[in-house]
Every structure is written in structure tokens, then in C-alpha cells.
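The next block holds one structure in the form of C-alpha cells; read it before the comments.
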Amino acid sequence: MEGIVRSVVLTKGVPDFSEGAVSFNEEGHLERGKTPTVMNPNDEFALQAALQTKVRHGGHVSGMSMGPPGYASVLEEAMESVYTDDSYLLSDRELAASDTWATAITLCSALEKYQEEVADVDLVFAGFKTADGETGQTGPQTCWGLDWPIVTHVLALDIDPDEGILRAKRLVEGDVDEIETVEAPLPCVVIADPEFEPTYRKATHRLTHKQLRGETRERAADHEEYLTTWDHQDLNLDPDYIGLDGSPTIVSAVDPIPKAPSEREATMVDPSDEDGMEKIFDEMHAFAGGD
Amino acid sequence: MSRGFGSATGGTDGYEHYDAVVVGCGPGGAAAAARLADHGVETLVLERGVEAGSKNVSGGLLYAEESAPYTLDDFFPDFRTEAAERPVTDYHIHNLSGNRVKTYDLTDLHEHDTDWCDAVLRRPMDSWLERRVHEKTSETGGGVLTGVRVNGLLRENGEIVGVTCDELDPIKADLIVAADGVNSELARDAGLMDWEEPDEWFQGVKAVVEMDSETIADRFDIEEDEGVAHLFSGDLFQDVRGGGFLYTNEDSLSIGTVFHLDSLVEEQAEPHELLDALLTHPLLAQWFRGEYDEREYAAKLVPDSKKVAHREPYRDRLVLVGDAAGQMQAQGPIIKGMNHAVTAGALAADAFVVTRGNADPEAAGRRYTTMLEKSGTMDKLRPRRYDISRRVGERDVVTNAVERVLDSRIGSVAVGNPIAERALKRAYNSPFLVSMLSDTRTGYVSLPALIGEEHGRTVHWENEIEPPTLAERIGDLTYDTDVGNPHIRLRDESYEASGAAVAACPVSAEDFGGGCYRSETVETNGSEERLVSLDTQPCVECGTCAIVADTEWEHPRGGKGVEYREG
Ligand SMILES: Cc1cc2nc3c(=O)[nH]c(=O)nc-3n(C[C@H](O)[C@H](O)[C@H](O)COP(=O)(O)OP(=O)(O)OC[C@H]3O[C@@H](n4cnc5c(N)ncnc54)[C@H](O)[C@@H]3O)c2cc1C
Ligand code: SF4
């Protein structure tokens, strides 16, 4: 492996749910066209994990995303914030409206093509659930398709390039959360937990990090140059198995979450109005805990 | 439980190793690192600020002395055009007595041994240096890391072999340069400096004031590539020993005060009020014309090299440079710290290179000490004649006698006659005599006041500006508070032990609830006790309370605490 690690990070655009950006129609349904796309917040942790690996061991990180052409902006964001080396966008009409299953098939084909045409991959990083679909399935399904081991809920990781193994600390949720340490042979898929925190306790690592930041600034300004787009033909995919046709999931209904009432009833009482104040104290008495 | 994974880079003992580690990226650290890199040495620079300069304050005159072995432009040729404000082309001292002012042109003193001298602001200057230093040190396998605070020395079998940090694992080095400024935690850890005596320090307080370059040109009557320096002494600061300064920057003014810390404590003076006394003096009305917009309020301790410049500033592989070694020379009203830090940093680098390969870990330190002496730097920092004049000058009896003479009619007559006037101006311009002014009331207050009184003209301008309150000044500063992790702890909260900080802390004051130090009277078992409490949130990390109060004092973690934009 020559001490050089090749990683691919799967990232996805999601509607920007932040206040002011998100737009709903009268029935309370998300207006996708009017809501800007941002990177799935949980992918940030996957990207940080990939960056940490690159900083510590050198190597190459590619960002990969499936979605409409607009998702290029998500890949550009990944380049700016965590210094990916290049970007792969899987995009055309046939791929639209894929569910997690169809997405996983597409991603698998893309990763296979990547291995054939670009380089062997050691690590695939994916985020923990997306902010819109919230199923948490794409990563595991992709991994199943690749027939690679998967390590989920990763809090910390390091790899031993000479041995070709990954060591990770992962969160095991239960009555009491536990942290277990696991090893997996490379290549493998890593799902980063939202509590993943990169650590850079070596000066050399921080210097590398700083150097990458400098190099990336120039690269990100020219993102198009580093972007490769593959459509279903490039990926050799049968339209019957991808996109809407290839998606077995049927969304039966989406319930809008009712808005919280924004106005509360208020009674104004002048503090010098003794009767009024007395009434308030009487009413508050019930909540005061005593009797 | 630790969630992280260490990683396996570094030496066989698990430590990272660099040829040289430089702590601090002020002028001393920048010069040391640049010189080391020029020699091809693998050099890592660790700086606690988010960016170099974000923690630093100076009045602002950077001198390049003709007699100095190194000046900053030796390592950074475009420094003056890229990172400095204005050269000083005019230099005056004002002796004040009430509204009476006697001004001397000090250009001769200023130009003595001066190749060039520029006003600087530390955030822009040091951050520029940081970038250049990073470029240089990257080429030899190192670089600059900001937001990293070194918190102590790494020792092996009692010998200093490296540094420990808040943010990084311990690092070993063949040379460790402590360029971490005044209140150097490394110098203290090595047992080379203590923080005990207020009379070994000055406290500097400064305001950066907005003024566009056309207005500066107009009000100070200077061209674009010219600048002025004005010094102020006399009775405007009551009896506190020290003085004030005003320097022109490109589009701002640096106005500040520097006082002997022991005198501040003795007089229980409030530093911000002394600064305000200068800002509101009628003499300054000619420049403000009723407009005053303060960009930043800042403060820092300044060591007095005459007392604390370390004669052997090294231990094992550790060398101290700049303020960390007490190398800050107050030559009368002229303050020279940055230039000496530059010289010392570069000499330390040279000493390391010429002694490399020597098995004795102290070889570099010893050579550095010799170089400080041979280059004449040590004699500037600790002039022999000062030691002599101090023995007589500072003794209270003598001071009191001289003071009485000055106060009497004889004194006024002596200072007041026209021959004396010429002699006085000459005396002020003599570097020799000026460095003899020992640190008494006479030199700082009585004599200048008397000169103002006897020879001065009365200033009738009205200075109507209103400087911001302390609360406003604190409110305008930028902080990234390390919540729940205060960097200073009171060891003794009795007023006797720590009460001096209430007045002396530049962001605290008696009867002000928004500062760091507050005093309160509490009743315990019927008896009253005066106690001191501390909230480090508004702290500007000046170092004063490390000396005047009983504290456990550290700098905040990397990137935390106050962030200066001007400096
Ligand atoms: C009000 C005032 C006026 C002054 N006027 C002048 C003047 O006109 N001319 C002049 O020459 N000098 C002047 N001085 C003095 C001058 O500022 C200092 O002598 C000079 O800055 C010393 O340089 P240095 O490199 O030794 O330290 P500094 O400039 O203080 O640099 C030390 C650096 O180390 C960093 N650091 C500290 N601790 C750590 C740590 N533990 N880990 C990592 N990094 C750390 C700091 O953030 C800082 O960047 C003045 C000082 C003051 C306060
Ligand atoms: S608390 Fe201490 S270090 Fe902080 S500003 Fe006040 S005197 Fe200076």
C-alpha cells in the first residue's frame, strides 16, 4: 500500500433546513425547488474522518455524490471544508428519485468503476443518516454490494497501512452506551458517528493540515477542473434497476409537523395593582410546588 | 475514557522531535526562527494566539540600531514597506506642569545610533511576520502552528529536553527557544525568572485611536512617509512614575502610558484613569479637535532590563530571548524591547548552529550568553553606570534631599535660569544622561514638572473629548472565553495579599463590578474582613496580577482569551 491511503467519501446534498432557507408550500410540504441544497450535515463527520486519515498517512480523498447537477456545489463545499482532492458526481435523469436501494446500486457501480479506472480504494467513508431521508441504510447497503466489511458508529479511528488494517473505537448504544474497539481489514466501509472528533495531537499532523488548507484554497477556486461526472451509461446501469423504477420503497405519506403556536395569551398587570397581582400569585401557586 | 487514538509517528521513544522548537512568534521568536531556517535548521514555531500578534501590545516604535548585530529587515527585507506603519521623522518630549508645557525636540536623542525607526501595530506586524516565518521554516521541514500553548518544559532525568503543550503531545528538541514574552511560563518553569517584585516591571497601557491619513498629515503637519513621536512627562499623572507617548500610524494614533509597577501599586492609581489624564490633557486638543474614536484598549507588562535582564539566559537546551529574558531596555523615555528581542533571537540561532554537534546540552546557551555580551547588547540592557547611579539615586534619603531642593526657590531658580534651559535640553538629548535618570520621582515627575513650570508656556486649548468608560473598553474587545477553565486562580483572597490588583489591573477598578478584580467587605463572626474576588472573563492577559497579587497564573489555552486586532 506504500503508506498511501485512497479514500472515497460518499456525500449527499440535502435541503437546507435552517431557518430562513427552507421553504414549505401551503400543505406544509417541502418545496424542493425553492430550498437551497447543502451538504448533509452528518457527512461532515465522514469527511473529517477521511481528512484525518489523509493528514496522518498521506494519500488521496475523493468526494462522491449522487444527485442532480446542482450537487456539484456540495462536492465543492467538501473540497473547501475538508480538502478533498477531486470530486465524482453521479448524475442524470435516469438516476433521479432513487431510494436507498437504487442509490446503493448506483454507488456500488461507481465505486467499481473508480477501482477499475482510477485507483484501488482502501476506505469508503459515509455519514450517519441523511438529514432528509433519515434511514441510515445507504452506507450499509453500499457495503453489502461491495462485499466489504463495515464499521459503523465510529468515534475515532486510525489505520495501520503496513498491516492493512483499520482500528476503530465505536459507540455501541444500549441501556448504557459503551465504546468498543474493533479491527477490520482494508478495504472497508466506515460510517462515522456524529460524535466523531478528529484529533491532531502531533505537530507534523497540524503542519500537514495547514499545508493542505493552503493547497486546497487554490484547487477549490477551480472546482470544475477536478469534477468528473458519470451518468448511468458510464456506469453501465440498466434503467430498470435504478432511479424511480428501480426503487422498491414506497413513501406512503409524509406528515407535516404542526407549527408551534406562535402567540401566547398574555394578561398585562401593573405591579402596583394589588388585586391584579394577588390573582397572579393565586394562579402561580399551583405551579410553585408547595401547597 | 479517552476516545481518541494516538498515532505512531515520531521517534523510537514515541516523542516527536524537531531540531529546534521556538515558543512564541513575536519579534524575538520570528527572528530566531527565520535565522534558524536560514541556517537550514528544522524549526517548529508554536504560538498561542489564533494568529501571531493577536496577543501582543507595544507602544510601537521599532528601532533598528546602527550598533546592533541584527535588525528585523536583515531577515525580512520588505518588512518596512509591507508591515510597518510610518517612520519616525520628528521626536519631541513635553514637560507638563498643569496647563504649562515646555517642549524639547528630542530628535538628536532619537537618532543616536538609529539606522531607522518605524511605528508599528502588532497584529498586522506579527501576523505578517508569521506568514513569512512559516514560508521560511516550511522549507526546512518545520513551520508555524498557531493556537498552540506551550504549558511547560519536558524533562528527562531532570534535564530539559523539550516542551509540553495543551494542544499537542510533548515534543523533543535539540534547542528550545523561549520567545514567549513577558510573564514567560517557560522561564519560570526553568527557574530562571520569578514574578515577585513589582519594581522589576513597568505596566504599559495603550489606546489605538482612529484618524485617517489625510487628517494625520494635516494635524501633525507631515507627509505620507513621515511620522511623529511625542512623549509626555510631568505632573499630569500625579505622583506615579512613568510617562506617556503618542505615535502616528498610517491611519491611526497609538497613545499610551508606561509606569513603574511598584509606583502604580504604591499610589493605588487606576491605569485607565492615567491614560485618560493624558488623552484629555489640553495639549492633545490640537490633534483631536474634539473628535475621539478609540479602536482598541490594550495593556501589557514590560520588564525592566536594568533589573531583570538575565545575565545567563539559558538552562540545558533552553534559551530565553526578548521579554522572556527581561531584555527590554527603558532608555529614559525611549523604550526598546522589540529590537533587542530580534537581536537576541538571531544570536541564539547563531549560537545553536556554531555549537551543533557538541555533546554538552548547554553549549548553545553558553555561546549565546557570550554573544550577547560581545555584541554589546548586554551592556545596553544592564548598563554598568546605571548600577552605580542607582546606588545613590534611588536611596530615599538622597531622593528626598534632591526633591526638597527642587521644590525650594533655589530649585526653581536653578532649573529656571536660561542657561539651565539650554543645558536641560542638551541633557535630555544625551543618551548617557538619560540612562542615568534613575527611577525616582525626580526624573519622572518633579524635574519635568519644574521645567514645565519654569520654562513652559500655558496651553489654553480646551480638550473636550470623552474617552470610553472601562466597561465600554472591555465591551469593544474580542474574547473567546475558555468557559469553566479560568487561567488565573486566586491563591489568597485576602485584601492584604491580593487587593493591589483591584486598582492595578488595567481592566478593573474600585467600585466597578464589570472588571476582573473586585473587593468586598464581608462579615464573619461579627468581624469585618475585606476580600478580593476574581472573574477572568475581561482579562487582557497583561500579567500585572501575577506580580501584585497572590495567584496561580497561567496564560489561557491556545486561541482562547483576548484577541487584539491592533496591538
Ligand atoms: C505599552 C507598551 C509600549 C511599548 N513600547 C515599545 C516601543 O515603543 N518599542 C519597543 O521596542 N518595545 C516596546 N514595548 C516592549 C515590546 O512590546 C516588547 O519588548 C516586545 O514585544 C518583546 O518581544 P518578544 O518577542 O520577546 O515577546 P512578545 O512580542 O511578547 O511575543 C511573545 C509571543 O509568545 C506568545 N506566547 C506567550 N506564551 C506562550 C506560550 N506559552 N505558548 C505559545 N506561545 C506563547 C505570545 O502570544 C506572543 O506572540 C512596549 C510594550 C508595551 C506593553
Ligand atoms: S486579571 Fe491580571 S492578567 Fe488579567 S488583565 Fe487583570 S491584571 Fe492583567
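Here is a list: B:G141, B:G49, B:G59, B:G53. Which entry is on the phi > 0 side of the Ramachandran plot, part of a loop (DSSP other than H, G, I, E, B) and within 10 Å of ligand 1 (Cβ to nearest atom)?
On the way: B:G141 fails: within 10 Å of ligand 1 (Cβ to nearest atom); B:G49 fails: on the phi > 0 side of the Ramachandran plot; B:G59 fails: on the phi > 0 side of the Ramachandran plot.
The match here is B:G53.
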Give just the number: which of (1) farther than 14 Å from B:E270 by Cβ; (2) within 16 Å of ligand 1 (Cβ to nearest atom) does B:D550 not satisfy? (2)
Within segment A:157-185, take every residue that is more than 12 Å from every other protein chain (Cβ to nearest Cβ) and within 21 Å of the chain's Cα centre (by Cα) and give me the one that is surrounded by the fewest Cβ atoms within 10 Å (Cβ to Cβ). A:E173
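Could you say which residue among B:E85, B:E130 is surrounded by 17 or more Cβ atoms within 10 Å (Cβ to Cβ), under 21 Å from the mean Cα position of the chain (by Cα) and within 14 Å of chain A (Cβ to nearest Cβ)? Outline the logic, then answer.
On the way: B:E85 fails: within 14 Å of chain A (Cβ to nearest Cβ).
Just one listed residue meets the conditions, B:E130.
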Here is a check on your reading of the model: is B:A229 crowded, with 23+ Cβ neighbours inside 10 Å and out of contact with any helix residue (DSSP H, G or I) (no Cβ under 8 Å at 6 or more places or on another chain)? no
Checklist (1) away from chain A (no Cβ under 12 Å); (2) free of Cβ contacts under 8 Å to residues at least 60 places away in the same chain; (3) in a strand (DSSP E or B); (4) within 15 Å of ligand 1 (Cβ to nearest atom) applied to B:T164, failing item: (1)
Among all residue pairs at least 6 apart or on different chains, which show Cβ distances below 6 Å where the first residue, located in segment B:463-476, is under 9 Å from B:Y292 (Cα atoms) and the second is part of a helix (DSSP H, G or I) and not β-branched (V, I, T)? B:I465/B:F288; B:P467/B:D276; B:P467/B:L279
Take B:P124 and tell me if it is within 14 Å of chain A (Cβ to nearest Cβ) and surrounded by fewer than 20 Cβ atoms within 10 Å (Cβ to Cβ). no
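Being closer than 25 Å to B:E130 by Cβ and either assigned by TED's automatic domain parsing to the domain that holds B:S446 or among the small types (G, A, S) (or both) narrows it down to one residue among B:G181, B:G242, B:G158, B:G191; which is it? Please lay out each step first, then the result.
Numbers: B:G242 fails: closer than 25 Å to B:E130 by Cβ; B:G158 fails: closer than 25 Å to B:E130 by Cβ; B:G191 fails: closer than 25 Å to B:E130 by Cβ.
B:G181 is the lone residue from the list that is closer than 25 Å to B:E130 by Cβ and either assigned by TED's automatic domain parsing to the domain that holds B:S446 or among the small types (G, A, S) (or both).
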Restricting to segment B:62-106, name every residue that is in contact with a strand residue (DSSP E or B) (Cβ under 6 Å, 6 or more places away or on another chain), part of a loop (DSSP other than H, G, I, E, B), closer than 20 Å to B:A341 by Cβ and not acidic (D, E). B:T71, B:A84, B:V88
Report yes if B:A207 is closer than 30 Å to B:D78 by Cα, surrounded by fewer than 16 Cβ atoms within 10 Å (Cβ to Cβ) and of a type in the set (G, A, S), otherwise no. no
Would you please name the residue that is nearest to the other protein chains (Cβ to nearest Cβ), looking only at residues in segment B:24-46 that are within 10 Å of ligand 1 (Cβ to nearest atom) and more than 13 Å from B:A348 (Cα to Cα)? B:L46
Would you please list the contacts, defined by Cβ atoms under 8 Å and residues six or more apart or on different chains, that run from a residue in segment B:542-564 that is within 14 Å of B:P198 (Cβ to Cβ) to a residue that is within 12 Å of ligand 1 (Cβ to nearest atom) and in a helix (DSSP H, G or I)? B:T544/B:L261; B:I547/B:L261; B:V548/B:L261
Out of segment B:17-72, which residues are closer than 15 Å to B:D323 by Cβ, away from ligand 2 (no atom under 16 Å from the Cβ) and among the charged types (D, E, K, R)? B:E47
Looking at A:T228 and the list (1) away from chain B (no Cβ under 14 Å); (2) part of a strand (DSSP E or B); (3) within 30 Å of B:D19 (Cα to Cα), which single condition is not satisfied? (3)
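Tell me, which residue of segment A:1-50 that is under 16 Å from A:V121 (Cα atoms) and in a loop (DSSP other than H, G, I, E, B) is modelled with the highest pLDDT?
Looking only at segment A:1-50, we keep the residues that are under 16 Å from A:V121 (Cα atoms), and these are A:1-10, A:46-47, A:49-50.
From what is left, the residues that are in a loop (DSSP other than H, G, I, E, B) are A:1-4.
On the way: A:M1: 41, A:E2: 43, A:G3: 51, A:I4: 80.
Checked segment A:1-50; the qualifying residue modelled with the highest pLDDT is A:I4.
Whether any residue in segment A:186-203 is assigned to a helix (DSSP H, G or I), within 14 Å of chain B (Cβ to nearest Cβ) and at pLDDT 90 or above is what I want to check.
yes
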Criterion first (more than 9 Å from ligand 1 (Cβ to nearest atom) and at pLDDT 95 or above) does B:T71 satisfy it? yes
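Of the residues B:E214, B:E250, B:E223, B:E196, only one is part of a helix (DSSP H, G or I) and farther than 17 Å from B:H92 by Cβ; which?
On the way: B:E250 fails: part of a helix (DSSP H, G or I); B:E223 fails: part of a helix (DSSP H, G or I); B:E196 fails: part of a helix (DSSP H, G or I).
After applying the criteria, what remains is B:E214.
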Please go through segment B:77-91 and give me each residue that is of a type in the set (S, T, N, Q) and touching a residue at least 24 places away in the same chain (Cβ under 8 Å), ordered by number. B:T89
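Yes/no matrix, rows are residues, columns are (1) within 14 Å of chain A (Cβ to nearest Cβ); (2) surrounded by fewer than 24 Cβ atoms within 10 Å (Cβ to Cβ); (3) within 16 Å of the chain's Cα centre (by Cα):
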{"position": "B:K136", "(1), (2), (3)": "yes, yes, no"}
{"position": "B:G142", "(1), (2), (3)": "yes, no, no"}
{"position": "B:R149", "(1), (2), (3)": "yes, no, no"}
{"position": "B:N157", "(1), (2), (3)": "no, yes, no"}
{"position": "B:N183", "(1), (2), (3)": "no, no, yes"}
{"position": "B:L186", "(1), (2), (3)": "no, no, no"}
{"position": "B:L192", "(1), (2), (3)": "no, yes, no"}
{"position": "B:E197", "(1), (2), (3)": "no, yes, no"}
{"position": "B:W201", "(1), (2), (3)": "no, no, yes"}
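The values are calculated or read from the model by the stated rules, or taken from the named source; none is laboratory data. Worth saying up front: this structure is predicted, and the values here are computed from it rather than measured. Cβ coordinates were reconstructed from backbone atoms using ideal geometry, including for glycine residues, and neighbour counts include every protein chain displayed.
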